[in-house]
Amino acid sequence: MIRHIVRFIVSVIVLMIVAALVPGFRISGFGTAIIAALFIALLGWLMEMLFGERISPYGRGIVGFISTVVVLYITSMIVNGFEIGVFSAIVAALIIGIVDLFSPTIKDRVGS
């Protein structure tokens, strides 16, 4: 349980850092980042339920990247104070993917 909480808090912090680095990506505050991270986690979980383990290991990277872009963009349509354009979502997904490579957990990936 603690591992999931820590992973979630790290996800919120990563979102805020990426928003600070990527032009066209804005989060209005820490509370918005928490709500967005919850929504992103939910959408990521739904994407995994749809695609499951049927995705090949070689295709998983690009599918995970594309799903992260889509999840970020959909989140911007629903969560107030979370704004991101398509190009910014692509750059943010790339950065999040790189950070996720160094994440200590294999399961529970946010947005992929």
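When the range 77-88 is examined, which residues are found to be in contact with a helix residue (DSSP H, G or I) (Cβ under 9 Å, 6 or more places away or on another chain) and over 15 Å from Leu42 (Cβ atoms)? Walk me through how you get there before you give the answer.
Going through the range 77-88, the residues in contact with a helix residue (DSSP H, G or I) (Cβ under 9 Å, 6 or more places away or on another chain) turn out to be 78-86, 88.
The answer is Asn80, Gly81, Glu83, Ile84, Gly85, Val86, Ser88.
Residue pairs, Cβ under 7 Å, 6 or more apart or interchain, first in the range 1-29 and assigned to a helix (DSSP H, G or I), second charged (D, E, K, R). List them.
Partner pairs satisfying both residue conditions: His4/Asp108; Arg7/Asp108; Ala19/Arg26.
As an exercise: evaluate Leu42 against (1) at pLDDT below 95; (2) more than 12 Å from the chain's Cα centre (by Cα); (3) within 26 Å of Val6 (Cβ to Cβ) and give the number of the one condition it does not meet.
(2)
Go through Glu48, Glu83 for me and flag whichever is of a type in the set (D, E, K, R) and part of a helix (DSSP H, G or I).
Values: Glu83 fails: part of a helix (DSSP H, G or I).
The unique qualifying residue is Glu48.
For Gly81, work out the one condition from (1) at positive phi; (2) surrounded by fewer than 18 Cβ atoms within 10 Å (Cβ to Cβ); (3) at pLDDT below 80; (4) of a type in the set (Gly, Ala, Ser) it doesn't fulfil.
(3)
The values are calculated or read from the model by the stated rules, or taken from the named source; none is laboratory data. As the structure is a computational prediction, the values presented were derived from the model and not from experiment. Backbone-built Cβ (ideal geometry, glycine too); neighbour counts: all protein chains shown.
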